[in-house]
1. Do any residues in the range 43-69 that are without any contact (Cβ under 8 Å) to a residue 12 or more places away in the chain have Cβ atoms under 8 Å from those of residues that are surrounded by 15 or more Cβ atoms within 10 Å (Cβ to Cβ) and part of a helix (DSSP H, G or I), where the two are at least six apart or on different chains, and which pairs are they?
2. Could you run through the range 106-121 and say how many residues are surrounded by fewer than 19 Cβ atoms within 10 Å (Cβ to Cβ) and among the hydrophobic types (A, V, I, L, M, F, W, C)?
3. Select from the range 57-112 the residues that are out of contact with any helix residue (DSSP H, G or I) (no Cβ under 7 Å at 6 or more places or on another chain) and of a type in the set (Lys, Arg) and write down the one among them that is farthest from residue 18 (Cα to Cα).
4. Give me a count of the residues in the range 88-121 that are outside any helix (DSSP H, G or I) and among the aromatic types (Phe, Trp, Tyr).
5. Just checking: which of the helices (runs of 4 or more DSSP H) contained wholly in the range 1-71 hold 3 or more residues that are more than 14 Å from the chain's Cα centre (by Cα) and either of a type in the set (D, E, K, R) or closer than 20 Å to residue 101 by Cα (or both)?
6. Taking residue 85, is it at pLDDT 95 or above, part of a helix (DSSP H, G or I) and over 15 Å from residue 14 (Cα atoms)?
7. Let me confirm something: among 25, 79, 59, 36, which residue is surrounded by 13 or more Cβ atoms within 10 Å (Cβ to Cβ) and closer than 18 Å to residue 4 by Cα?
Amino acid sequence: MNTLINILITIIGLLHLYILVLEMFLWTKPKGLKTFGKTLEEAKQSAALAANQGLYNGFLAAGLFWSLIVKNAHTALHFKVFFLACVAVAGVYGGFTSSRKIMVVQTLPALIALSLLIYNC
């Protein structure tokens, strides 16, 4: 079960790194425009805000990856719970304020991993 949980955490971390790239580097490029449904003008006006969001997604990814390499099992568990909960809360907020799709892409995987983690304790 631990292996499955760690695989899910890795996938979620990689997803957040991908979101970082989209928001920080591809926001005004065709891939970013298509992904977020923005016009080039809208994207240019919101590029700094998007980059800030991307940075936060990077912090979430870093925390998730950190939880996988911490040697103390008790500390690792706390990191995993904290960062998965942060991802879930960010996803819920994004789902209500931006796009419902975020609930499926971000919140659902985090809640599944968090549920398995708690069940495994």
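The values are calculated or read from the model by the stated rules, or taken from the named source; none is laboratory data. Since this is a predicted model, take the numbers as computed values, not measurements. Positions of Cβ are generated from backbone atoms using ideal geometry, with glycine treated the same way; all protein chains shown enter the neighbour counts.
1. Filtered contacts from the range 43-69: no entries.
2. 6
3. 71
4. Looking only at that region, the number is 0.
5. By residue number, 30-36, 40-69.
6. Spelling it out, residue 85 is indeed at pLDDT 95 or above, part of a helix (DSSP H, G or I) and over 15 Å from residue 14 (Cα atoms).
7. 79
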